[in-house]
Amino acid sequence: MITHLWINNEEAVAIILFGIGFTMLLFQKNLLKKLIGMNIMDTGTFLFLASMGYIEGRRPPIVENGVLERSAYINPVPAGLVLTGIVVSVSVTAIMLSLTVRLYKRYHTLDIDEMYERSKHAAEDR
Amino acid sequence: MKKAFHRFYNLIAVICCLLLIGVLLYAVSMLPHYGQENPRSVEVVERYVHDGLEETGATNIVAGMILDYRAFDTLGESHVLFTALICVIILLGKDVKNMRREYDGYYTVEYESYHKLADDKILRLVGYILLPCLFLFGIYILLNGQLSPGGGFSGGAIMGAALIIFAAAFGFETVDKVFTEKVLKGVTFVSLAFYSFAKGYVFFTGANGLENHVPKGEPGMILSGGLILPLDIAVGMVVACTMYGFYSLFRRGSIGHDHTFMDQQ
Amino acid sequence: MEFITNFPLFTIVLSLFSGVLCYMLKPRVAKIYTLVYEGFLILLVSAVLYYVLATGQAFTYVMGEFPAPWGNEIRAGVLEAMIALCFLIVMICSVSAGFRFLKTDMDESKLNLYFTLVNLMTAALMSLVWTNDLFTGYVFLEILTLTSCGVLIVREIGRTSLAAVRYMILNLLGSGLFLLGVVLLYDLTGHLLMVPMKETIAELATDPAVLPVIGVAVGILTIGLSIKSGLFPFHFWMPDTYGWATPTSAALLSSLVSKAYIFLLFKTYYRAIGIDVLQQLPIRHVLLVLGAMGIVVGSLQAIHTNNLNHMVAYSSAAQIGYIYMGIGLGGVAGYTAAMFHVMAHAITKSQLFLTTPRLAEVAGGNLKFQDLQGSALKTRVAGFYFTIGAFSMIGIPIFAGFSSKLQFALAAVTGAGIKRILIVMLALAVSSMLNALYFVMTLIRIYTPDGDNNRSVMTHHHINYHLPMLLLTAANLLLGLRCDLIVDLIGKGLAMFG
């Protein structure tokens, strides 16, 4: 398993990044740090995709000099998937940041547990 | 008691996360080797690369793939950004209801802060030099999506960034003279509606075996790739508007100049 | 006739366009437009259902000119059309019946944005139902996540924002895991479309060294979607999310969004992984056990809570458990029961969530049980609709809930080992008892006079409320009384699903 992991080292690093982001998103109390974790998680997935499509010694998938052989270019599919993933990640980050802004204005803290604690005392929320 | 439970819960959760990473690493070790071609993906890639130029007219194989072969995914993707814009408007846009709560200390919007920033001389000078280049570069990337790396999303993001620098250096008042909320709404609507209907037309003709009247153009030239160029422009417009919309909403709680609330101050 | 095959495409593209259009419209116009448009979609999907029943086979629709392994595809069969129809009916009813609360929860000037989100959500739901491509599934799953967050946060109080943050975080974890699962499957098979992926996986699964990797990919995908739909250990976000949302959003989130995730999971199992391969993996046992545990734990928590909306939300957790139990049971009978329950629960739960705020309204806007005493006497209409929903949840014959419990029992008895029969029967028995306990207690509470005899505080309900509620009641009775018909249709759908 270790030798295989060594061959697939880039994918392995991507998975570890994914795991770090996942754990941060789950356990950080601070909303901003949670968001950073989410972005690390997404980046890990993109790295995984990018390294999956990479083939040694080949060029990026843009036709040059009319060469139409598959063996000249790397796999274009993961690149397309990464593009979609990035757009989704940007959108989600924007929404989460604006939620954070609203919550900060309401509770004056970024700690999510503290927010729950304060929401119990707010009259409006019952 | 509760603290002990919390600690126990955290311990279990950390173990679960480590387990997840371990299992994933195991899976990775069994995957096809890094840096070599995955024999199972050959069938699909062969057509994208070999016939892509002829079937889509795009030199950039990735652009041909995402805007022609797998265009349905990209149609959804451009609406993801639009959905995010709507959500941010709901969250941060000022309205009568959340303004009323402001007096209970619920929603405090800083009206003054963004007027001040516009006086920065360095920012203005850099803006004068940088902005024309940025807009040109954005347009270049937008228009060459079918020929080289780039396309709607990247070009639109650069233009959106240029708009943001513009607003930061010269103040929102300058941007508001041209780029009002109405313009943003209109551009977004026209672009997305065009996208939906153009792609709907292609899906419809393709599935029913009808002839598709979109000219493919000559590969390698700017006007090539059939619908890819117009779609890239549409996507670029949406992305630029959305980026600027995010910035404006975060800074002042509205996209254009907000008459109802600003003038009361 | 042939033209009907285009309708699934129209439901998606027109919904996306309607979403963008509602951004431009005035709020009042947007509401009318959305209701008319949803009605139009119901007609389209009914036509598709009629068409696939008449031809007796499902059809695939190529999106563009490029066929299966290269281009995107959507696909429609009896099962897909039925689920889509059920989703649309619940959607139009929720939007219409909850509108009055939406107006008070949200600023007037932003109301059109809500309808934008509703239309985009429709597009996402339709795509998830029709899709034949895993990556399309991921893209529209993200649209569904964002729109569901959007409809949740329209209510501008602190608790809703807190619930939304928690809901979003869990959903993001789920999306991340789902994407990783899809990517792993792509790396293994080299395909993203479901049909070629299934063929490749069937070939790969014969190699005992690769089977565990498929198991990991499928497992991660399953964890992702079960977080998003709220299976047992991940159900803790439900009460806050459903309890603090505006009624329409609560109905949409509990009846449609979570069901769409489950349907996507089911579709992935059936069409991308293949049931034969799934039988070799331990996942179905885990789903069975977690489903059964979810039923019991959800019901216990529902008894424990002191808030009507939270009670209904916890009962949702239990009902999600039923569906996963059906998928875990496997076999045609198990899947039939699960799909039947998807529809039964969508119809019943939306009815409950659209009724509870009206009961609370006459009780001074409070959802605490002690304040709700006698509320059904003050607004008899809402009390009546709540009673129907509660009866269906308890599982009284002639209502949908009874039929689906019957289906689960039948599925357990036919073709399962003794251990599985025991688990399912035990879960069914315990949950029926607990369900009856807390819903009957609630019914007694709301029908007990509370002393002050002001019977008609607010008895006037608009036709916008009556019509959808009657429609949901009729659908509930249809599922309850003619369950043989529906089961027969699901059977046909499953036969052409694989």
Practice item. Identify all residues within region B:207-227 that are surrounded by fewer than 20 Cβ atoms within 10 Å (Cβ to Cβ) and over 18 Å from residue B:60 (Cβ atoms); write none if there are none. Key: B:208, B:209, B:210, B:211, B:212, B:213, B:215
Check your understanding: Among the candidates B:136, B:147, B:163, which residue alone is farther than 13 Å from residue B:243 by Cβ and part of a helix (DSSP H, G or I)?
Key -> B:136
Review point. If we keep just the residues of region C:71-99 that are part of a loop (DSSP other than H, G, I, E, B) and surrounded by fewer than 24 Cβ atoms within 10 Å (Cβ to Cβ), which is nearest to the other protein chains (Cβ to nearest Cβ)?
Key: C:71
Review point. Any idea how many residues of region A:1-44 are out of contact with any Lys or Arg (no Cβ under 9 Å at 6 or more places or on another chain) and within 12 Å of chain B (Cβ to nearest Cβ)?
Key: 27
Review point. Among the residues of region B:192-214, is there at least one that is of a type outside the set (Phe, Trp, Tyr), within 13 Å of chain C (Cβ to nearest Cβ) and over 26 Å from residue B:51 (Cα atoms)?
Key: yes
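Yes or no, residue by residue, for (1) free of Cβ contacts under 8 Å to residues at least 24 places away in the same chain; (2) small (Gly, Ala, Ser); (3) in contact with a strand residue (DSSP E or B) (Cβ under 9 Å, 6 or more places away or on another chain):
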residue	(1), (2), (3)
C:349	no, no, no
C:352	no, no, no
C:359	no, no, no
C:373	no, no, no
C:390	no, yes, no
C:405	no, no, no
C:419	yes, no, no
C:425	yes, no, no
Practice item. Considering (1) in contact with a strand residue (DSSP E or B) (Cβ under 9 Å, 6 or more places away or on another chain); (2) in a helix (DSSP H, G or I), say which one residue A:37 fails and leave the rest. Key: (1)
Practice item. Test each condition in (1) more than 8 Å from chain C (Cβ to nearest Cβ); (2) closer than 27 Å to residue C:128 by Cα for residue B:8 and report the one that comes out false. Key: (2)
Check your understanding: How many of the residues in region A:45-99 are part of a helix (DSSP H, G or I), more than 23 Å from residue C:178 (Cβ to Cβ) and more than 7 Å from chain B (Cβ to nearest Cβ)?
Key -> 2
Check your understanding: Quick one: what pairs do we get from region A:25-40, first residue more than 20 Å from residue A:108 (Cα to Cα), second in a helix (DSSP H, G or I) and of a type in the set (D, E, K, R), C-beta under 6 Å, 6+ apart or different chains?
Key -> A:25/A:34
Exercise for review: Starting from residues that are in contact with a strand residue (DSSP E or B) (Cβ under 8 Å, 6 or more places away or on another chain) and touching a residue at least 40 places away in the same chain (Cβ under 8 Å), keep the ones in region B:172-216 and report whichever is nearest to residue B:248 (Cα to Cα).
Suggested key: B:203
**Study point:** Sole residue being under 20 Å from residue B:74 (Cα atoms), more than 10 Å from chain B (Cβ to nearest Cβ) and touching a residue at least 40 places away in the same chain (Cβ under 8 Å), chosen from C:117, C:128, C:102
**Key:** C:128
Review point. Applying the selection to region C:182-217, what residues are more than 10 Å from chain B (Cβ to nearest Cβ) and in contact with a Gly (Cβ under 7 Å, 6 or more places away or on another chain)?
Key: C:198, C:201, C:202
Exercise for review: Please work out which residue is surrounded by the fewest Cβ atoms within 10 Å (Cβ to Cβ), limiting yourself to region B:70-93 and to residues that are at the interface with chain A (Cβ under 9 Å from one of its Cβ atoms) and either of a type in the set (Ser, Thr, Tyr) or farther than 30 Å from residue C:154 by Cβ (or both).
Suggested key: B:78
**Study point:** Index of the failed condition, residue C:155 passing every other in (1) of a type in the set (D, E, K, R); (2) in a helix (DSSP H, G or I); (3) more than 8 Å from every other protein chain (Cβ to nearest Cβ)
**Key:** (2)
Practice item. Name the single residue, out of those in region A:101-111 being surrounded by fewer than 20 Cβ atoms within 10 Å (Cβ to Cβ) and assigned to a helix (DSSP H, G or I), that is farthest from the other protein chains (Cβ to nearest Cβ). Key: A:104
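Here, each number is a calculation from the coordinates, and none is a lab measurement. Just so it is clear, the model here is predicted, and its values are computed rather than measured. When we count neighbours, we look across all protein chains shown, and the Cβ atoms used for this are built from the backbone with ideal geometry, even at glycine.
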